[in-house]
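Colleague: I have a structure here, written as structure tokens, and I will follow up with some questions on it.
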Amino acid sequence: MATESFSFTLRQAVTHADLLRACAVRAEAYGRKSPEYREPMLSPDEVDASPWTAVYLCEDKVTGDAVGTMRIQTTAYGGALEIEKYAEVPADLKKHGRGEISRLSAVPGADPFVRLAMWKAGYLHCLASNIRWLILGVRKPGLLKAYEQMGAKDVTESVALPYAGNLIYRVLGLDVLAAESDWQNRNHPLLQFMVGTTHPDIYMPSMHRPRHVVDRPDVSVL
């Protein structure tokens, strides 16, 4: 298997200071186009506080600056996703573990691989957590196209999401367990990156217990 390195590292936020740095990236990224988001996003919200939410942080290897972040909430230990408070996810999907990626953002001028690395981390997080369905609220045309090319499909009607500015979002679902086979069948251009390459700069924490933002846990390198 090929091995590739990035200009940054990607790990889970494990301290409150890490979480604040992630919030600062969100505020900068979202606040550029929508200034009203800047101030609210500087502080963690209720989803961040959930023990079933993991926040990931990308840090530049040279400067140490935070350059990207995302969070993923799962139902690995029961409960419902934040998006499921507003979108009626089909019952057959609810029979399985589900995850929701949100607040995926990068600072202006960040390495283009930052977003791809976070997407891979989200995929690996779902696999490690026995999550079958990744539920995504998507609005931007570019992201919609990218997720659809990855195999995501509409699973319910579009809805307004209060935690995302009350804007209308399409709700997509990706079958995580079937994704690799689907990518192989379609010779997807990201197949090699997602499953055929080892990225030692992506650190995935142990998934056997809920995340608590205290000390950095033991990690395994993928």
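The values are calculated or read from the model by the stated rules, or taken from the named source; none is laboratory data. Quick caveat: nothing in here was measured; it's all calculated off a predicted structure. All Cβ positions, even for glycine, are placed from backbone atoms using ideal geometry, and neighbour counts span all protein chains on display. Accessible surface areas use protein heavy atoms only, side chains included; no ligands, DNA or RNA. Shrake-Rupley method; radii C 1.70, N 1.55, O 1.52, S 1.80 Å.
Colleague: With respect to residue 42, determine if the residue is over 16 Å from the mean Cα position of the chain (by Cα), of a type in the set (A, V, I, L, M) and open to solvent by 10 Å² or more (accessible area, probe 1.4 Å). If you could, list the steps in order and put the result at the bottom.
Modeller: Details: over 16 Å from the mean Cα position of the chain (by Cα): yes; of a type in the set (A, V, I, L, M): yes; open to solvent by 10 Å² or more (accessible area, probe 1.4 Å): yes.
For residue 42, the condition - over 16 Å from the mean Cα position of the chain (by Cα), of a type in the set (A, V, I, L, M) and open to solvent by 10 Å² or more (accessible area, probe 1.4 Å) - is met.
Colleague: Let me ask something else about it. Would you point out the residue of region 1-33, among those that are open to solvent by less than 30 Å² (accessible area, probe 1.4 Å) and of a type in the set (Gly, Ala, Ser), that is modelled with the lowest pLDDT?
Modeller: Here the residue is 31.
Colleague: Something else about it: Residue 63 passes all but one of (1) open to solvent by 30 Å² or more (accessible area, probe 1.4 Å); (2) closer than 20 Å to residue 166 by Cβ; (3) of a type in the set (Val, Ile, Thr); which number fails?
Modeller: Residue 63 satisfies every listed condition except (2).
Colleague: Being in a helix (DSSP H, G or I) and among the aromatic types (Phe, Trp, Tyr) is the filter here; which residues of region 109-136 pass it?
Modeller: Applying the first criterion (in a helix (DSSP H, G or I)) to region 109-136 yields 113-128.
Passing the criteria: 113, 119, 123.
Colleague: So residue 84 passes all but one of these: (1) more than 16 Å from the chain's Cα centre (by Cα); (2) in contact (Cβ under 8 Å) with a residue 60 or more places away in the chain. Which condition number does it fail?
Modeller: Failing condition for residue 84: (2).
Colleague: Let me ask another. Might you check whether a residue that is out of contact with any strand residue (DSSP E or B) (no Cβ under 7 Å at 6 or more places or on another chain) and among the acidic types (Asp, Glu) occurs anywhere in region 73-95? Spell out the reasoning first.
Modeller: Residues of region 73-95 that are out of contact with any strand residue (DSSP E or B) (no Cβ under 7 Å at 6 or more places or on another chain), as a first pass: 76-80, 84-85, 91-92, 94-95.
Add one more test, that the residue is among the acidic types (Asp, Glu), and what stays is 84, 92.
Scanning region 73-95 turns up at least one residue that is out of contact with any strand residue (DSSP E or B) (no Cβ under 7 Å at 6 or more places or on another chain) and among the acidic types (Asp, Glu).
Colleague: Among residues belonging to region 99-135 that are closer than 19 Å to residue 59 by Cα and basic (Lys, Arg), point out the one that is most open to solvent (accessible area, probe 1.4 Å).
Modeller: Going through the qualifying residues, I end up with 115.
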